[in-house]
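**Student:** Before anything else, here's the structure in question.
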Amino acid sequence: MASKDRDRPQAPEARERPLQHVHFIGVGGVSMSALAVAAQARGLVVTGSDARRSARSERLSAHGIPVQIGHHGDNVGAADTVVYSTDVPADNPERRVAAARGLRLWHRAEMLAWLMAGRRALLVTGTHGKTTTTAMVAAIWKAAHESPTVLVGGDVPTLSGGNVELGDGPFLVAEADESDGSFRHYQPESLVLTNLEPEHLEHYAGSFDNVQASVAAFASRVAPDGPGAVVWGADDPVLARLMPSVPAAQRSFGWALPGRRVDFAADDVDLGPMGSRFSVISGGDRLATITLQVPGRHNVLDALAAFALAQHYGVAPPTAAEALGQFSGVRRRFDVRSRARGILLVDDYAVHPTEVAAVLTTARHSVPGRVLAILQPHRYARTALLWQEMLTALGHADGAAILPVYAPPGELPRAEFTGERLAAAAAARYPNRRISYVEALEAAVAWALSNARPGDVVATLGAGDVWQVASRLAAAWAEDDPSEPSLAR
């Protein structure tokens with residue numbers, strides 16, 4: 001469950017001190033950078049630090065938010081509040097200085113809760129699909145001229161700030177991260193529950209039962225007599241067991257199956273190579289036909305969830321359908337980086353085996369050739385807990401290069417659950433496929449250059465710096481095929 005350090009009470013003088021100057025540790029992170037921009041827009045002085053420069057840190061500097069590179073106690077400056085994420089350890093020098101001074105120490109979830117105050121919060125949680133579903137809800141609310149404030153855990157080309165947009169309407173649309181239980185700080189008006197699988201168990205005493213109890217308690221925070229609802233995925237057996245205990249109004253969504261009642265069902269589904277088309281059925285009526293620019297069964301369900309929430313709020317079905325049809329996706333979610341040399345290159349944030357399998361399955365329907373994966377396992381704890389599941393997911397690839405585990409600061413290596421051992425286990429399970437361990441990004445690039453051929457898809461997968469492999473491949477293949485410009489970024 002949540003750490004004692006994170007839950008420890010602040011000194012009374014820290015709680016009572018006016019909120020004026022907020023310092024973000026790790027401000028270049030995708031969620032932290034969005035919070036920093038939103039906090040500045042609310043009139044706060046905002047500063048930050050990060051381990052290295054990045055496109056997001058440069059974007060923050062352009063907003064007038066100074067970003068110090070490297071973590072030092074002096075970075076805290078005159079801040080009255082210091083915000084950190086779960087991955088920032090307690091011995092971080094800026095956290096230590098803040099604690100020693102008796103400053104207000106907030107987990108990033110507490111900062112988001114403060115930003116939610118006075119807003120009608122539409123939140124999305126679940127193991128998979130949070131970012132895309134949140135971005136789709138935002139697209140619909142913008143199309144309905146509601147001018148929402150949006151904070152999302154990915155870069156969305158249609159948002160003015162990439163991962164944040166500051167609206168002047170009453171709604172706030174955001175992800176509610178279930179990974180560490182910090183969503184307990186939020187008060188949602190409505191909640192979308194996409195799905196629920198064993199994940200992040202290290203934060204829940206190793207128990208999936210604890211994850212389920214935490215999510216059910218969070219869903220129960222939606223007021224039974226309020227204007228909102230809990231919108232949940234009926235295809236998920238875990239959610240189907242949990243929802244009878246949730247007192248709020250509910251709207252279910254899922255595939256149209258004979259004999260099953262679901263409030264909003266996807267029917268007549270046509271999964272194309274780079275998009276899909278489906279109809280939405282509710283109460284026997286065909287409400288809309290939606291054509292998506294993003295491929296895969298998982299994106300159909302994400303769009304259906306966003307559509308279901310919109311219907312609860314009375315958004316006209318054509319408005320919601322058109323907004324979803326214009327949605328171009330989230331960067332690093334089946335993000336097409338190149339088609340040069342006849343090779344489809346996609347980059348995806350996928351870290352969980354279910355996500356990896358979804359990307360590889362979608363890729364299988366996108367090209368006539370082979371599916372090649374470059375996987376960067378994320379976190380030793382996840383790799384250990386989901387070892388067999390990841391091996392099964394890799395079975396959807398015709399070949400794979402596996403990098404070392406990408407671990408956040410403070411996570412100790414586990415010699416029995418390394419990228420090298422995962423590659424060896426996968427090669428043993430799939431002896432007729434080209435599966436290799438590569439020690440560095442450069443080696444992964446070389447592996448793809450040697451193995452990919454026209455008609456194939458190469459998918460880079462992971463939450464760390466594996467995206468750099470996609471950028472380098474896009475640039476290399478563009479040099480060989482001038483008709484296809486490089487999408488390196």
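The values are calculated or read from the model by the stated rules, or taken from the named source; none is laboratory data. Everything numeric here is computed off the predicted structure, so don't read it as measured data. Cβ atoms come from the backbone with ideal geometry, glycine included; neighbour counts cover every protein chain shown.
**Student:** May I ask you to list the residues in the range 309-332 that are within 20 Å of the chain's Cα centre (by Cα) and closer than 21 Å to LEU239 by Cβ?
**Tutor:** LEU309
**Student:** Considering the range 130-148 alone, what residues qualify as being buried (at least 23 other Cβ atoms within 10 Å of the Cβ) and either acidic (Asp, Glu) or closer than 16 Å to LEU191 by Cα (or both)?
**Tutor:** LYS130, THR131, THR132, THR133, THR134, ALA135, MET136, VAL137, ALA138, ILE140, TRP141, PRO148
**Student:** Ok, one more. Mind listing just one residue for me: the one in the range 30-50 that is of a type in the set (Gly, Ala, Ser) and in contact (Cβ under 8 Å) with a residue 60 or more places away in the chain and, of those, nearest to LEU19 (Cα to Cα)?
**Tutor:** ALA39
**Student:** Now a separate question. Examine the range 178-190 for a residue that is within 23 Å of ALA321 (Cα to Cα) and not charged (D, E, K, R), and state whether such a residue exists.
**Tutor:** Looking for residues that are within 23 Å of ALA321 (Cα to Cα) and not charged (D, E, K, R), one finds at least one in the range 178-190, hence yes.
**Student:** Counting just the residues of the range 264-281 that are aliphatic (A, V, I, L, M) and part of a strand (DSSP E or B), which one comes out nearest to THR361 (Cα to Cα)?
**Tutor:** Only one residue tops the list, namely LEU271.
**Student:** Then there is this: Being in contact with a strand residue (DSSP E or B) (Cβ under 8 Å, 6 or more places away or on another chain) and surrounded by 14 or more Cβ atoms within 10 Å (Cβ to Cβ) is the filter here, so list the residues in the range 78-96 that pass it.
**Tutor:** Within the range 78-96, ALA79, ASP80, THR81, VAL82, VAL83, TYR84, SER85, THR86, VAL88, ASN92, GLU94, ARG95 meet the criteria.
**Student:** Kindly list the number of the only condition in (1) within 25 Å of GLU175 (Cα to Cα); (2) in contact with a Leu (Cβ under 6 Å, 6 or more places away or on another chain) that fails for ALA98.
**Tutor:** All conditions are met except number (1).
**Student:** Next question. In this structure, does SER49 turn out to be at pLDDT 85 or above, over 24 Å from VAL173 (Cα atoms) and among the small types (Gly, Ala, Ser)?
**Tutor:** On the way: at pLDDT 85 or above: yes; over 24 Å from VAL173 (Cα atoms): yes; among the small types (Gly, Ala, Ser): yes.
For SER49, the condition - at pLDDT 85 or above, over 24 Å from VAL173 (Cα atoms) and among the small types (Gly, Ala, Ser) - is met.
**Student:** While we're looking at this one, here's another question. Only residues that are surrounded by fewer than 24 Cβ atoms within 10 Å (Cβ to Cβ) and polar (S, T, N, Q): list them for the range 150-172, please.
**Tutor:** Listed by number, the residues that qualify are THR158, SER160.
**Student:** Quick one: ARG382 ticks every box in (1) in contact with a strand residue (DSSP E or B) (Cβ under 6 Å, 6 or more places away or on another chain); (2) in contact (Cβ under 8 Å) with a residue 40 or more places away in the chain except a single one, so which number is it?
**Tutor:** It is condition (1) that ARG382 fails.
**Student:** Give the residue that is farthest from ILE281 (Cα to Cα), with candidates limited to residues of the range 298-310 that are in contact with a helix residue (DSSP H, G or I) (Cβ under 7 Å, 6 or more places away or on another chain) and at pLDDT 95 or above.
**Tutor:** Among those residues, the one meeting the criterion is ASN299.
**Student:** Would you mind listing the helices (runs of 4 or more DSSP H) fully within the range 335-451 where at least 3 residues are of a type outside the set (A, V, I, L, M, F, W, C) and farther than 30 Å from GLY26 by Cα?
**Tutor:** Counting at least 3 such residues, we get 353-364, 387-394.
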